[in-house]
């Protein structure tokens, strides 16, 4: 979340992705960063143990929301 907010402040459109256990932290970081309604994508946890096919599936799942966030900023 911190990096996403930093990029946004540098006029770099960014879409942050986090997993479900980190939603509370993401919301807190957005609030501390001065953008309490900062949009981000939430995926089921975990991602680290997925194989290539699993990662591709999660990327496909996240893609529509990532595009929505990025296009809203253009």
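The numbers here are math on the coordinates, done by the rules we state, and not lab data. None of these values were measured; they are calculated from a predicted model. In this analysis, Cβ positions are derived from the backbone assuming ideal geometry, glycine residues included, and neighbour counts consider all displayed protein chains.
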query: Counting only residues that are over 13 Å from residue 62 (Cβ atoms) and either free of Cβ contacts under 8 Å to residues at least 24 places away in the same chain or in contact with a helix residue (DSSP H, G or I) (Cβ under 7 Å, 6 or more places away or on another chain) (or both), how many does the range 11-24 have?
result: 7
query: Quick one: which of 37, 27 is within 14 Å of the chain's Cα centre (by Cα), part of a loop (DSSP other than H, G, I, E, B) and free of Cβ contacts under 8 Å to residues at least 12 places away in the same chain?
result: 37
- line: Residue count, the range 6-24, condition more than 19 Å from residue 71 (Cβ to Cβ), within 12 Å of the chain's Cα centre (by Cα) and surrounded by 12 or more Cβ atoms within 10 Å (Cβ to Cβ), comes to 4
